[in-house]
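The values are calculated or read from the model by the stated rules, or taken from the named source; none is laboratory data. Computed from a prediction, not measured in an experiment: that's the story for all the values here. Virtual Cβ from ideal backbone geometry, glycine too; neighbours counted across all protein chains shown.
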Amino acid sequence: MPSPFEYAPAPESRAIVDLKPSYGLFIDGQFVEGHGTPFKTISPATEEVLSEIAEADQADIDAAVKAARRAYDRVWSRMPGRERAKYLYRIARIIQERSRELAVLESLDNGKPIKESRDVDVPTVAAHFFYYAGWADKLEYAGHGADPQPLGVAAQVIPWNFPLLMLAWKIAPALACGNTVVLKPAETTPLTALLFVEICQQADLPPGVVNIVTGAGATGQALVGHPGVDKVAFTGSTEVGKAIARSVAGTSKRVTLELGGKAANIVFDDAPIDQAVEGIVDGIFFNQGHVCCAGSRLLVQESVVEDVLERLKARMSTLRMGDPLDKNTDIGAINSGEQLKRIRELSEVGDAEGAERWEVACDLPTKGFWFPPTLFTGVSQAHRIAREEIFGPVLSVLTFRTPAEALEKANNTPYGLSAGVWTDKGSLILKMASSLRAGVVWANTFNKFDPTSPFGGYKESGYGREGGRHGLEAYLRTPHESAR
Amino acid sequence: MSRIDVRKTYKLYIGGAFPRSESSYTYEVLDSKGKFVANAALASRKDARDAVVAARKAFGGWSGRTAYNRSQILYRVAEVMEDRRPQFVQAVSQSEGLTASKAGAVVDQAIDRLVWYAGWADKLAQVVGNANPVAGPFFNLSTPEPTGVVAVLAPQDSSLLGLVSVVAPVIVSGNTVVVVSSYERPLPAVTFAEVLATSDVPGGVVNVLTGSAATVGPWLASHMDVNAIDLTGVAGDTELATELEVAAAENLKRVRRAPAAEPDWALDPGLDPMTAFLETKTVWHPIGV
């Protein structure tokens, strides 16, 4: 069906981004060559090669950890909190000043629409640094003991879905608490982390406080397993999270894990349906569904399921998929060929297991990695598409009759990261919110994030919280802990 | 002729009942001088699994009670312990080889600790939870919730004060517990179970297994319906502690690691023993008309 609206192309210029043909590792305040095998990072929307990236091997990791240790011992852990704060404030300001550049680069490397990188990712990154900057000289008031101390060197491994935002979630609280970091961005999205390096240099951050090492899983493993790190922070898949939990067993390394999810988004019959539909769309199609807290299981009360589905399909049909740099784009590219393969495979399993697939009719670009917004109806709890994280724009729709049944279905998962509830009845919201076994519950909204608000999972979605006062705990040693 | 004493075989405490071990195994409990005291049930894998089922069954009810009610129940436990103080003093003295007066002091500390934790039930959320001033029109609140079913390997040396110090902080917030007592000093734990059974603690909230942490621990650490594990009871045994931590990773249990040596239980425990088994839940709601 032709759209009643025609949009002229409105591409954001990429001229603002100064891409280098190749990037090294950032260790001890300078770019150095890596000793692994360099790899290319591409634009998932066009498969165009953007740059060549160094791979850190064991020796490079060792150098980075040592640099972080030196900076910790000699500079950062000794610096008064109020001075650390000023560096973080500087970084926050520079992020704001260079926000357009960061947003364009993020959309180029990740494939997410510019309206999301520009309006969500980058502003939230700046806000995160501002928030934790202010904690640096107030830690004794944070409720984590009278004289909380930093842990030391933090090894941080982050995913490709929100590359710069996850960097901020990791680096800002770590630095505020007086730790130094070695961070590994995902191999498909290293560019904004490498631009962040320039921002650290612009802020005159002392060498070694932030080190960025690039590479894939093996590099991450070497970093997490390095005996010189005191703290491991990981965001990514539950499978890798479990491997990390095993690998740190018997050590004194502290660990926080922010892993997968299969969130239920529960719509009751008295919900404002149009608002709920917006929330459902935001819940599963935001960032192409590459969101650990995505509302990937829609639970609709049986009496309104037809109405909800009709309006949902109509709304999905207005989503614009295409060039991530176009300001009118709602849905960008799938981040990698590998991820696209996984989304396709699980969707095919959905077909094979008897669920009914409906997808938005749209022309997919011939180059790049694309998957149309899709929903499955007739899904049962036993179906793999109702149990496994797809991490793509694929929604599984299930139904329920009573709040008790909704709760039972919502909690019937090894995950517990997030959940959504849509109803006009306040007491029902509070009942659901208190009974859902999930770390974040969005009621009559979805996928909202704020630096002051703790985020993290129950059960196999990981442990520890990021954001807020609670987020400091992951980077501080409390007096009782040191006594043990 | 002197009277022949009645020797007792102590049992497990699972789901509010006192069963023998499913395996029917028992072991001899000796006092600190090596003299026979009694037999205790030797918990098996099956007992551990039964205890987890009981703990899971009790979780909804216990975590759903008001904090005030949990507080009252924990205080009630302290009351009943105070009532049976002489029996605890004897058990601790026998188990730990302390003089009656030193054992008395330990029992007093255990009872006082329970009173301390009882008071936390309805304060914890105010101390570790908070409202979040998000940059938008949203109500945003973070509150602590219990993690779920927690396996606790109780300390080997401190048979009562240590036991209370690892069990009370877990249940006060609404978790339910499967605790493995000290292997060589299980009798204070058995007496404690008898107190629990007669002081309004619902069956299944605390399940007490007497036996070996090395034998039962791996089953609890790898159990997929256990949400967290406290390894205090294997303090100093790095190899076993590591093995248990590896097993616990299978469903990402929250792990309270084993200390290098058993801590000094007389110290102020702080919040860590409670917060280790809490999840923070954050709820968002738009503000508007």
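Observations, loosely collected:
- Residue that is within 14 Å of chain B (Cβ to nearest Cβ), crowded, with 24+ Cβ neighbours inside 10 Å and within 12 Å of A:Pro393 (Cβ to Cβ), where the choices are A:Gly283, A:Gly332, A:Gly289: A:Gly283
- Selection within region B:233-254 - among the β-branched types (Val, Ile, Thr) and surrounded by fewer than 23 Cβ atoms within 10 Å (Cβ to Cβ): B:Thr238, B:Thr242, B:Val246
- A:Ser427 vs. criteria in contact with a helix residue (DSSP H, G or I) (Cβ under 6 Å, 6 or more places away or on another chain) and either within 12 Å of another protein chain (Cβ to nearest Cβ) or closer than 27 Å to B:Val134 by Cα (or both): no
- Flag if A:Gly462 is at the interface with another protein chain (Cβ under 8 Å from one of its Cβ atoms), at positive phi and under 20 Å from the mean Cα position of the chain (by Cα): yes
- Residue match in region A:281-293 (condition: assigned to a loop (DSSP other than H, G, I, E, B) and over 25 Å from the mean Cα position of the chain (by Cα)): no
- Within region A:388-410, tally of residues that are touching a residue at least 60 places away in the same chain (Cβ under 8 Å) and either surrounded by fewer than 16 Cβ atoms within 10 Å (Cβ to Cβ) or within 11 Å of another protein chain (Cβ to nearest Cβ) (or both): 1
- Test result for B:His285, facing another protein chain (nearest Cβ under 8 Å) and in contact (Cβ under 8 Å) with a residue 40 or more places away in the chain: yes
- Filter result for A:Leu298 (crowded, with 24+ Cβ neighbours inside 10 Å, within 11 Å of chain B (Cβ to nearest Cβ) and within 23 Å of the chain's Cα centre (by Cα)): no
- Subset of region A:67-96 (residues that are small (Gly, Ala, Ser) and touching a strand residue (DSSP E or B) at 6+ places or on another chain (Cβ under 6 Å)): A:Ala67, A:Ala68, A:Ala71, A:Ser77
- When region B:217-250 is limited to residues that are of a type in the set (Ser, Thr, Tyr) and touching an Asp or Glu at 6+ places or on another chain (Cβ under 8 Å), the one that is nearest to the other protein chains (Cβ to nearest Cβ) turns out to be B:Thr232.
- Region B:39-49, residues that are over 18 Å from the mean Cα position of the chain (by Cα) and assigned to a helix (DSSP H, G or I): B:Arg45, B:Lys46
- Conditions (1) in a helix (DSSP H, G or I); (2) surrounded by fewer than 21 Cβ atoms within 10 Å (Cβ to Cβ): number failed by B:Val52: (2)
- Scanning region A:22-40 for residues that are touching a Pro at 6+ places or on another chain (Cβ under 6 Å) and among the basic types (Lys, Arg) gives no hits.
- When residues in region B:166-184 are screened for being in contact with a strand residue (DSSP E or B) (Cβ under 8 Å, 6 or more places away or on another chain), in contact (Cβ under 8 Å) with a residue 60 or more places away in the chain and crowded, with 22+ Cβ neighbours inside 10 Å, 10 of them pass.
- The single residue among A:Arg100, A:Arg93, A:Arg84 that is without any contact (Cβ under 8 Å) to a residue 60 or more places away in the chain and assigned by TED's automatic domain parsing to the domain that holds A:Gly217 turns out to be A:Arg93.
- On the stretch given as region A:213-265, residues that are away from chain B (no Cβ under 11 Å) and either surrounded by 21 or more Cβ atoms within 10 Å (Cβ to Cβ) or part of a loop (DSSP other than H, G, I, E, B) (or both) total 28.
- Some residue of region A:226-239 being without any contact (Cβ under 8 Å) to a residue 40 or more places away in the chain and farther than 30 Å from A:Ile95 by Cβ: yes
- The set of residues in region A:454-479 that are closer than 21 Å to A:Gly145 by Cβ and part of a loop (DSSP other than H, G, I, E, B) comprises A:Pro454, A:Gly456, A:Gly464, A:Arg465, A:Gly467, A:Gly468, A:Thr478.
- Residue ranges of helices (runs of 4 or more DSSP H) in region B:56-130 with at least 1 members surrounded by fewer than 16 Cβ atoms within 10 Å (Cβ to Cβ) and touching a Leu at 6+ places or on another chain (Cβ under 7 Å): none
- The set of residues in region B:257-282 being closer than 16 Å to B:Pro169 by Cβ, acidic (Asp, Glu) and in contact (Cβ under 8 Å) with a residue 60 or more places away in the chain consists of B:Glu279 alone.
- Unmet criterion (only one of (1) in a helix (DSSP H, G or I); (2) under 26 Å from A:Asp326 (Cβ atoms); (3) of a type outside the set (A, V, I, L, M, F, W, C)) for A:Arg90: (2)
- Considering residues of region A:103-153 that are closer than 25 Å to A:Arg254 by Cβ and among the aliphatic types (A, V, I, L, M) only, the residue surrounded by the fewest Cβ atoms within 10 Å (Cβ to Cβ): A:Ala146
- Matching entry among B:Leu187, B:Leu163, B:Leu209 (being in contact (Cβ under 8 Å) with a residue 60 or more places away in the chain and either within 13 Å of the chain's Cα centre (by Cα) or within 26 Å of B:Thr280 (Cβ to Cβ) (or both)): B:Leu209
- Residue-level check: of (1) farther than 22 Å from A:Gly111 by Cβ; (2) assigned to a helix (DSSP H, G or I), A:Leu195 misses just (1).
- Screening A:Val440 with (1) more than 9 Å from chain B (Cβ to nearest Cβ); (2) under 30 Å from A:Thr180 (Cα atoms) gives one miss only, at (1).
- Residue check for B:Gly174: at pLDDT 95 or above and touching a Pro at 6+ places or on another chain (Cβ under 6 Å): yes
- Among residues of region B:270-282, those that are facing chain A (nearest Cβ under 7 Å) and not basic (Lys, Arg), counted: 5
- Residue among A:Ala64, A:Ala54 that is touching a Ser or Thr at 6+ places or on another chain (Cβ under 8 Å) and buried (at least 22 other Cβ atoms within 10 Å of the Cβ): A:Ala54
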